[in-house]
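The values are calculated or read from the model by the stated rules, or taken from the named source; none is laboratory data. No experiment lies behind these values; they were computed from the predicted model shown. Virtual Cβ from ideal backbone geometry, glycine too; neighbours counted across all protein chains shown.
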Amino acid sequence: MIEQWADWVRTKDDDYKVVDIDLYCEPVFTRSEQAAILRFHDEWNEAADATPDPMPWTVEELIDTPVWSRFGEAAARTLEVFKRRGELLDRAKFDANVKG
């Protein structure tokens, strides 16, 4: 999740500390979704900074740490915000509905 977030979110700095929230604007992202992105990004930074280096031998050792428990809870809260709107239509489904 750490690397996937870094691939998806765009930041104003090279250290990935400040989200360029202007790129996630309405109407594509609601204000609630924008706020959720910012909150989750803070949790993401905390989890990334607190992850041991070198990494533990097993993922279970990492997941059982308090910071990763909080990170998982933050991810669940963020997902709930995005689920309010529901899944967006992908292009194929949209095209099929328009033609039909």
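Tabulated data
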| quantity | calculated |
| --- | --- |
| Lone qualifier among A36, A92 - being modelled with pLDDT under 85 and either among the acidic types (D, E) or in a helix (DSSP H, G or I) (or both) | A92 |
| Filtered residues of segment 44-66 (kept if under 24 Å from V9 (Cβ atoms) and of a type in the set (D, E, K, R)) | E46, D49, D53 |
